[in-house]
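Visitor: A single structure is presented below for examination.
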Amino acid sequence: MYGNVDATIVANNISNNATNNVVPIDEAIQDFSRITQIVDERGMAVILKDDEPCYVVLNLKEFEEIQILRCKFFNDIADGVINENIEALQELYKC
């Protein structure tokens, strides 16, 4: 997700992780290998722009896990909506 839920998750992750996962954008531009090293060691790096978290760099495994959780989250919501409205949906199907 790229909405408010993910922003909250990222913000919580930033505050729960050591501050050495956070790198200003100028340093990231000058030494991207440092970013990849942080990601290799800790799973993610946060890049600040104007002193605010702006970018998250993840290793591919972490990214894939997030995508799986996103799909599960949306499927669970869809299942709930369908279950709550099954009778109305069945009536619509008859038409």
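We did not get these values from a lab; they are worked out from the coordinates using the rules stated. Remember, predicted model here, so these are calculated numbers, not experimental data. As a convention, Cβ positions derive from the backbone with ideal geometry for all residues, glycine included, and neighbour counts pool all protein chains shown.
Visitor: What length, rounded to one decimal in nm, is gained on full extension from Asp76 through to Glu27, with 0.36 nm per residue of separation minus their alpha-carbon distance? Could you put the intermediate results ahead of the total?
Guide: Numbers: separation 49, 0.36 × 49 = 17.64 nm, distance 4.06 nm.
Full extension from Asp76 to Glu27 adds 13.6 nm.
Visitor: Additional query: Going by average Cβ density within 10 Å per residue, which order do the peptides 55-68, 80-93 take, highest to lowest? Kindly include the intermediate steps, with their values, before the conclusion.
Guide: On the way: 55-68: 13.1, 80-93: 9.7.
Result, highest mean Cβ count within 10 Å first: 55-68, 80-93.
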